[in-house]
Amino acid sequence: MSVSFRLLRSRRHLVAAVLAAGVLLSAPGAAIAGQFAPSGSHDATAPAAVAEAPRREYVQVYANNVENLKTVDAVCPGDWQDLIFAMKRTDPAPDIFLVQQISNRAELTRLLSAMEAKLGRKYTGRIAIADPPIQPARCDGEKKQQTTAIIFNADRFRVLKADTWRADRQTASGCENTGQTRATALRLKLRDTLAGKDLTVASTHWPTKNSGGHPCAAENAREAAAKVSGWGGALMIWGGDANITAGNPGDWKAWYRQTNGDLGGRAGYRDAMYHHCGKVTAPRQECLRDNWTIGGSNRIDYLWARKPGGMPAITAVHTVGFEEAGRADAHYTGGDRADRHYSDHRAVRARIHY
C-alpha cells in the first residue's frame, strides 16, 4: 500500500513533515494529499486527580471506535462531537488519538477539522486506507466503508515511517488475514519533538466473533505486540477495538494473559485500565466492570503500552462516559441530545509517561 503525506496546516509558519515517501508543505485549508489528513476513576464519569508533570514527560492518548461519526438524524443515530467537547473540557487535549471505524479520508478530515476548531491545536492524521472498498454494512449503508486512523498533534510529532497490516480470522486452514478493511491496523513511528524521543503507535481493530475473530485473538495480540515492539522507541503504544473481552481474574483469556505484562505476559505490555484498577479502593474486577466500553458491561477496547526493558508509568486513566460527554457538549453549546451518544463504544484515555 502506498503511503503519502497530508499537507500540514500552518497558522504562522509552514511545518515540514518528513517520510520516506517525500516532503510536502501546506497552508491553512489545504486539501489532503494521498492518505495524510488534516480514564478512569472508579467513578467512570469523572477524571482522576493526579499531580501535574511537565508535558514533555508523557503523551496524552485517546482510543475510540468512532462508529463512522454518528449524527443525530442517521439511521443509527448518535452525536459524535460530544467526545470532542469532552476532550475540550479535559486538560491537556489529546496528543495522540487512535481511531477505529472511520469511513475514509473525507471523514477523517471532518474529524480533524472539528478537533482543531474546538481544541485550539493543530492536528494531522494518517488513515490506513484512503478510500476503502464498499462492503456489506448495517445501518442502511452508513457504515459501508471502514478503516483505522491515527490523529496526532502536528506541532509535537512528525512521522518517521508508516505501514499497515491486516488482522486474522479463522479459516479452514487456520488463522489467516481477514478480507475486512475495517481490520486493517495502522502503525506509525513518530518523532516527539517536544520530548526529543521516538515512539511507535498503532491503531487496531480485530474481527468480531461472528467474523471468525475470537479463535485468532491470541495471534492478533501476538502480531500487534510484535509489530509495535519491532519498531521500538522510548514508548511503544497500541490500542483499539479488540471485539473480545479479557476474561476475569483467575480466568483470563489466553490472548490477554500473553499480552498483559502485569500478569507476567510474555509481550510485556501494560493494560492502562488494568493498571489503574489495581490502584483504586474497589476490587479490581469491580473497577474493570465499571469501565466497560460497549453494551453497558463489556470491556473490549484497550490501550496498551511498554517501553524498553519494562512497562511505563500510566496516570489519569479514564473511560469517557456518554453522559459526561453530553454534559460537556451542553457546557459549551447550551444544549445536548441526551438520547444520542458519541459512539457505541466509550473512549479510553491515559497519560503514558516516558
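The values are calculated or read from the model by the stated rules, or taken from the named source; none is laboratory data. From a predicted model like this one, the values you see are computed outputs, not experimental measurements. FYI the Cβ positions are ideal-geometry reconstructions off the backbone, even for glycines, and counts take in every protein chain you see. When the accessible area is computed, the model is the full protein with side chains, heavy atoms only, and any ligands, DNA or RNA have been set aside. Shrake-Rupley method; radii C 1.70, N 1.55, O 1.52, S 1.80 Å.
A few points about this structure:
- Residues located in region 344-354, provided they are assigned to a loop (DSSP other than H, G, I, E, B) and more than 13 Å from the chain's Cα centre (by Cα): Asp344, Tyr354
- Number of positions in region 209-219 that are among the polar types (S, T, N, Q) and touching a Lys or Arg at 6+ places or on another chain (Cβ under 9 Å): 1
- Top-ranked residue of region 60-112 - restricted to ones that are of a type in the set (Val, Ile, Thr) and touching a strand residue (DSSP E or B) at 6+ places or on another chain (Cβ under 9 Å), ranked as surrounded by the most Cβ atoms within 10 Å (Cβ to Cβ): Ile102
- Scanning region 71-103 for residues that are aromatic (Phe, Trp, Tyr) and within 24 Å of Ala183 (Cα to Cα) yields a count of 2.
- Condition check for Ala224: open to solvent by less than 40 Å² (accessible area, probe 1.4 Å) and over 15 Å from the mean Cα position of the chain (by Cα): no
- Every test in (1) buried (at least 24 other Cβ atoms within 10 Å of the Cβ); (2) assigned to a helix (DSSP H, G or I) is passed by Gly240 save one, and that test is (2).
- Where a residue in region 165-184 is open to solvent by 30 Å² or more (accessible area, probe 1.4 Å) and its partner, wherever it lies, is modelled with pLDDT under 95 and in a helix (DSSP H, G or I), with Cβ under 8 Å and at least six apart: none
- Members of region 169-223 found to be among the small types (Gly, Ala, Ser) and within 30 Å of Ala234 (Cβ to Cβ), listed by number: Ala183, Ala185, Ala195, Gly196, Ala202, Ser203, Ala217, Ala218, Ala221
Condition check ((1) at pLDDT 95 or above; (2) touching a helix residue (DSSP H, G or I) at 6+ places or on another chain (Cβ under 8 Å); (3) of a type in the set (Val, Ile, Thr)) across all residues:
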| residue | (1), (2), (3) |
| --- | --- |
| Ile150 | yes, no, yes |
| Arg158 | yes, no, no |
| Asp163 | yes, no, no |
| Asp168 | yes, yes, no |
| Thr171 | yes, no, yes |
| Asn177 | yes, no, no |
| Arg182 | yes, no, no |
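- Top-ranked residue of region 116-142 - restricted to ones that are in contact with a Lys or Arg (Cβ under 7 Å, 6 or more places away or on another chain) and open to solvent by 20 Å² or more (accessible area, probe 1.4 Å), ranked as modelled with the lowest pLDDT: Ala137
- Listed by position, the helices (runs of 4 or more DSSP H) enclosed by region 246-343 that each have at least 2 residues that are at pLDDT 95 or above and surrounded by fewer than 22 Cβ atoms within 10 Å (Cβ to Cβ) are 254-259, 284-290, 322-333.
Rundown of residues vs (1) touching a Pro at 6+ places or on another chain (Cβ under 9 Å); (2) among the small types (Gly, Ala, Ser); (3) open to solvent by less than 60 Å² (accessible area, probe 1.4 Å), yes/no style:
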site	(1), (2), (3)
Lys144	yes, no, no
Thr147	yes, no, yes
Ile151	yes, no, yes
Asp163	no, no, yes
Arg191	no, no, no
Ala195	no, yes, yes
